[in-house]
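For reference, the structure is listed below as structure tokens.
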Amino acid sequence: MKKLTYGILSTASIVARFVQGVRDSRYGEVVAICSRDLNKAQDKANELKIEKAYGDYTDFRIPGMVATSKGTLLRYCECRKASSDWADIDIKISRSEDRGASWETVLLINSDGNTLNNPVMFVDGDRLVFLYCKNYKEIWKRVSTDDGKSFSAAERIDFESSVDFVYSVAAIGPGHGILHNDTLVVPIWFAHNQ
């Protein structure tokens with residue numbers, strides 16, 4: 001059986017116990033660690049004998065992963081530049097054709113000072129549908145028809161016309177949606193702050 005590979009998004013004290021648990025299982029291997037501070041990530045990687053260390057975003061939040069009909073894995077998450085739900089947040093999608101042994105970034109959606117949040121991905125036959133929010137107000141969609149190698153330009157989804165109440169914040173997901181009777185279904189929540 002091929003080992004599962006792990007990347008850790010923290011240098012907290014619990015990490016050492018997690019790494020030891022993965023190693024004790026004989027079914028996994030920790031290959032990378034990330035922190036908001038590259039020096040902390042490198043120190044923890046050296047201490048725990050982890051091959052790679054990264055440190056460019058403050059937080060990685062709202063992760064998700066799907067497998068296509070061809071077995072390709074796509075993972076995605078928020079890449080926060082500060083520890084806040086309203087921070088400058090990018091979204092990243094990576095792709096693996098070898099069951100997670102190696103990854104390639106296929107899309108990094110630069111926030112340009114906005115909050116991009118709550119990514120959701122669906123597998124719809126040979127099509128991937130990727131949704132995310134902008135500034136907790138707008139919902140955007142991108143589609144891949146080539147097994148996640150590339151994604152279409154962003155298209156804004158008009159949902160406001162179907163909402164008959166006052167809200168100041170709207171967000172989908174996070175995580176995953178489902179395909180039901182040829183309809184993509186995703187949770188959405190609303191809040192009204194006065």
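Quick look at the values:
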{"quantity": "Looking only at segment 75-92, and only at residues there that are over 17 Å from residue 8 (Cα atoms) and under 11 Å from the mean Cα position of the chain (by Cα), the one that is surrounded by the most Cβ atoms within 10 Å (Cβ to Cβ)", "calculated": "91"}
{"quantity": "Test result for residue 106, over 16 Å from the mean Cα position of the chain (by Cα) and of a type in the set (A, V, I, L, M)", "calculated": "no"}
{"quantity": "Which numbered condition residue 56 misses (of (1) of a type outside the set (Phe, Trp, Tyr); (2) in a strand (DSSP E or B); (3) touching a Cys at 6+ places or on another chain (Cβ under 9 Å))", "calculated": "(2)"}
{"quantity": "Test: residue 6 is under 15 Å from residue 103 (Cα atoms) and free of Cβ contacts under 8 Å to residues at least 24 places away in the same chain", "calculated": "no"}
{"quantity": "Complete set of residues in segment 42-93 that are polar (S, T, N, Q), more than 25 Å from residue 23 (Cα to Cα) and without any contact (Cβ under 8 Å) to a residue 60 or more places away in the chain", "calculated": "58, 69, 83, 84"}
{"quantity": "Identity of the residue in segment 9-38, open to solvent by 80 Å² or more (accessible area, probe 1.4 Å) and touching a strand residue (DSSP E or B) at 6+ places or on another chain (Cβ under 9 Å), that ends up farthest from residue 100 (Cα to Cα)", "calculated": "36"}
{"quantity": "Strands (runs of 3 or more DSSP E) wholly inside segment 117-194 that include at least 1 residues being at pLDDT 85 or above and in contact with a Ser or Thr (Cβ under 9 Å, 6 or more places away or on another chain)", "calculated": "127-134, 138-144, 188-191"}
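The values are calculated or read from the model by the stated rules, or taken from the named source; none is laboratory data. Quantities reported herein were computed from a predicted structural model and do not represent experimental measurements. Here the Cβ is made from the backbone with ideal geometry for all residues, glycine too, and neighbour counts use every protein chain on show. Keep in mind that these areas ignore ligands, DNA and RNA; they rest on the heavy atoms of the full protein, side chains included. Shrake-Rupley method; radii C 1.70, N 1.55, O 1.52, S 1.80 Å.
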